[in-house]
């Protein structure tokens with residue numbers, strides 16, 4: 001779980017992940033090389049950098065790790081139906097599988113563990129596995145026992161193997177209790193009295209009972225998310241899946257309606273007779289289970305599939321869904337405007353791609369190019385106090401430098417050249433000074449003095465002078481054209 | 001031919017701004033070079049009040065040459081969905097998709113030159129779809145010649161020196177344009193001086209460009225087309 005996909009470093013460089021602690025970042029996880037260099041989990045990053053100067057530290061993504069672990073728990077249902085991801089936010093996570101009655105399918109317990117380790121290493125994950133009659137014993141053996149331990153003796157394990165917090169372990173060690181066996185030999189009554197104040201589920205006595213099986217600790221796996229999928233198996237291969245699409249979408253929408261869900265993502269998969277598989281994906285801006293609309297999203301894109309010798313299986317599935325209640329059209333039979341708009345967004349996005357359609361939104365900034373944000377369509381606009389000063393109706397993506405033909409000491413140039421045409425300024429308004437945003441901009445960014453100017457033919461431009469004469473941030477100030485007024 | 005006029009001397013004529021849902025048609029606007037922003041401002045002022053969103057489709061070339069709409073300057077009550085495409089064929093498909101959606105106030109298209117995709121047939125399709133759905137469609141044809149077209153209204157627009165600024169005599173005031181309706185199916189063609197009052201009113205006052213009303217009378221009956 002320690003490595004993030006895509007940017008994993010080679011194993012022979014020391015690497016660590018950090019989280020924010022009370023007194024600055026602390027080490028959350030380390031790789032083997034860092035461990036050998038003496039980097040320990042829970043120590044401060046600054047100290048460990050002094051110990052191992054070439055240590056590379058990244059921020060840990062605990063939520064992402066947790067989500068990945070839950071996906072892995074579902075993936076692990078190939079071995080047995082009861083799997084659960086355990087561990088909280090402390091980073092000590094793992095998987096618990098209740099393999100009762102399923103080990104013989106894999107040729108015995110030892111073969112099953114070897115198979116699991118091989119499959120996990122195929123995913124790029126290193127694992128430590130153990131098999132034991134109880135949750136607690138398996139937890140302890142996986143972390144403190146021998147490699148691929150099967151029902152080993154737990155008495156010689158250290159007390160930290162009892163899933164206790166650090167303070168309790170420290171206290172037990174100070175009392176001279178090093179192993180689980182020593183703790184189990186104590187009279188139960190005195191052990192209970194010594195830890196009467198701790199939370200009842202986390203006392204050493206409870207943990208001992210859970211490990212030995214005197215207290216039940218069942219594995220209750222979460223429900224797997226439902227799969228929405230409609231298939232059409234064809235007796236004869238066909239070349240054009242268009243005619244099957246409405247029926248498939250209707251079947252999918254029936255499944256969705258039964259659980260009050262609406263599709264956000266759709267995937268059409270066609271299987272060719274020669275084994276080739278092609279997929280088309282579509283997305284909805286709002287959850288939808290309208291068969292006609294879903295079928296429409298694939299309309300012009302089916303032509304791009306190479307039919308080869310024909311298709312014999314077509315399937316439509318909704319990998320991402322959201323809750324969607326039943327909707328009622330009004331008495332006149334119309335639907336609401338928001339739905340129509342979202343369907344328009346879906347159609348345009350399905351046809352032209354995700355980044356082509358954007359919504360413009362005001363943003364809180366005085367710098368003109370940052371006063372406008374590009375967001376996904378149908379986003380609620382934030383409430384932002386508009387700028388009082390006059391702004392142009394059109395803005396050039398990049399300010400274009402103008403060639404000053406006749407400069408005057410105050411105000412804008414009297415005559416300038418832009419795009420090989422010269423303009424004579426008849427009237428102007430300004431300057432409006434806009435200072436750089438020091439919290440965003442590079443040091444040395446120059447301020448801008450904006451002028452609204454009008455030439456004799458009525459062209460109205462927004463010019464600015466970048467910087468001041470002698471401000472120590474560059475040479476002679478230059479002039480740029482940034483926008484056009486209507 | 002063209003003279004500036006004193007508003008008190010002439011008979012002020014204000015074009016009725018049709019509500020976008022009622023008489024929505026396909027209109028074309030041909031800006032003179034340098035009046036592209038004026039054309040966009042004129043189109044937005046024609047949409048009237050309301051909060052329905054606008055789909056704005058822009059040629060990438062248009063965006064590079066004349067910039068993109070700038071929200072703080074437009075001061076719109078409605079939301080703006082911007083789409084930037086590079087092929088005229090794609091643009092026509094996107095316009096047609098947009099015209100299917102009755103929740104939009106208008107579809108505004110900015111396209112440069114005279115590409116083959118913007119043919120008479122394509123325009124006819126757009127006009128029929130516009131009238132079927134009741135969503136206004138405005139084509140801003142930059143750097144284009146006004147060739148054969150099925151647009152119901154065709155406008156030509158040029159910039160004029162702005163109105164005097166009451167606060168500062170050296171500063172430009174409200175923008176003024178010379179607006180010309182060169183061809184229309186159900187309105188009388190004419191030329192006007194438009195003054196755009198931004199702010200709370202956000203309206204365009206059209207004042208006849210010819211004090212004696214010569215063009216307005218010579219233009220003939222309603223429905224006659226003036227070829228230029």
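Among the residues making up region A:252-271, those that are surrounded by 15 or more Cβ atoms within 10 Å (Cβ to Cβ) and either in a strand (DSSP E or B) or in contact with a helix residue (DSSP H, G or I) (Cβ under 9 Å, 6 or more places away or on another chain) (or both) are A:252, A:253, A:261, A:262, A:263, A:264, A:266, A:267, A:268, A:269, A:270, A:271.
Here is a check on your reading of the model: is residue A:177 surrounded by 15 or more Cβ atoms within 10 Å (Cβ to Cβ) and part of a helix (DSSP H, G or I)? Taking the combined requirement at face value, the residue does not satisfy it.
One residue stands out in region A:291-307 among those that are surrounded by 15 or more Cβ atoms within 10 Å (Cβ to Cβ) and farther than 17 Å from residue A:349 by Cα: the one that is modelled with the highest pLDDT, namely A:291.
Check whether at least one residue in region A:298-306 is part of a helix (DSSP H, G or I), within 29 Å of the chain's Cα centre (by Cα) and without any contact (Cβ under 8 Å) to a residue 60 or more places away in the chain, and report yes or no. Looking through region A:298-306, at least one residue is part of a helix (DSSP H, G or I), within 29 Å of the chain's Cα centre (by Cα) and without any contact (Cβ under 8 Å) to a residue 60 or more places away in the chain.
Can you find, within region A:334-350, the residue that is farthest from residue B:78 (Cα to Cα) among those that are modelled with pLDDT under 85 and more than 7 Å from chain B (Cβ to nearest Cβ)? If we take residues in region A:334-350 being modelled with pLDDT under 85 and more than 7 Å from chain B (Cβ to nearest Cβ), then A:334 is farthest from residue B:78 (Cα to Cα). Only residues that are within 31 Å of the chain's Cα centre (by Cα) and under 24 Å from residue A:82 (Cβ atoms) were counted in region A:217-257, giving 9. Restricted to region A:351-363, and to residues there that are touching a strand residue (DSSP E or B) at 6+ places or on another chain (Cβ under 7 Å) and in a loop (DSSP other than H, G, I, E, B), the residue that is nearest to the other protein chains (Cβ to nearest Cβ) is A:356.
The one condition from (1) within 14 Å of residue A:359 (Cβ to Cβ); (2) buried (at least 20 other Cβ atoms within 10 Å of the Cβ); (3) more than 10 Å from every other protein chain (Cβ to nearest Cβ) that residue B:78 does not meet is (2). If the condition is being part of a loop (DSSP other than H, G, I, E, B) and free of Cβ contacts under 8 Å to residues at least 60 places away in the same chain, then region B:173-186 contributes B:173, B:174, B:186. For region B:34-64, a residue qualifies if it is surrounded by fewer than 23 Cβ atoms within 10 Å (Cβ to Cβ), within 9 Å of chain A (Cβ to nearest Cβ) and under 21 Å from residue A:396 (Cβ atoms), and the qualifying residues are B:34, B:63, B:64. As for region B:121-131, it holds no residue that is in contact (Cβ under 8 Å) with a residue 60 or more places away in the chain and within 14 Å of chain A (Cβ to nearest Cβ). When region A:383-409 is examined, which residues are found to be modelled with pLDDT under 85 and either within 7 Å of chain B (Cβ to nearest Cβ) or out of contact with any strand residue (DSSP E or B) (no Cβ under 7 Å at 6 or more places or on another chain) (or both)? Listed by number, the residues that qualify are A:383, A:385, A:386, A:387, A:388, A:407, A:408, A:409.
Scan region A:373-414 for residues that are under 48 Å from the mean Cα position of the chain (by Cα) and within 27 Å of residue A:425 (Cβ to Cβ) and the total you get is 17.
Among the residues of region A:94-104, is there at least one that is surrounded by 12 or more Cβ atoms within 10 Å (Cβ to Cβ), modelled with pLDDT under 90 and part of a helix (DSSP H, G or I)? Yes, that holds for at least one residue.
Note on region A:416-436: residues that are surrounded by fewer than 19 Cβ atoms within 10 Å (Cβ to Cβ) and at negative phi amount to 12. The requirement of being under 19 Å from residue A:404 (Cα atoms) and more than 14 Å from chain B (Cβ to nearest Cβ) is satisfied by residue A:474.
Table: residues versus (1) in contact with a helix residue (DSSP H, G or I) (Cβ under 6 Å, 6 or more places away or on another chain); (2) buried (at least 16 other Cβ atoms within 10 Å of the Cβ); (3) farther than 11 Å from residue A:211 by Cβ.
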| site | (1), (2), (3) |
| --- | --- |
| A:131 | yes, yes, yes |
| A:142 | no, yes, yes |
| A:145 | no, yes, yes |
| A:151 | no, no, yes |
| A:187 | no, no, yes |
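Looking only at residues of region B:149-172 that are facing chain A (nearest Cβ under 9 Å) and in a loop (DSSP other than H, G, I, E, B), we find that the one that is surrounded by the most Cβ atoms within 10 Å (Cβ to Cβ) is B:162.
Could you please find all residues in region A:364-382 being surrounded by 18 or more Cβ atoms within 10 Å (Cβ to Cβ) and more than 8 Å from every other protein chain (Cβ to nearest Cβ)?
A:373
The values are calculated or read from the model by the stated rules, or taken from the named source; none is laboratory data. Here the structure is a predicted model, which means the values were calculated and not measured. We place every Cβ from the backbone using ideal geometry, glycine too, and count neighbours over all the protein chains shown.
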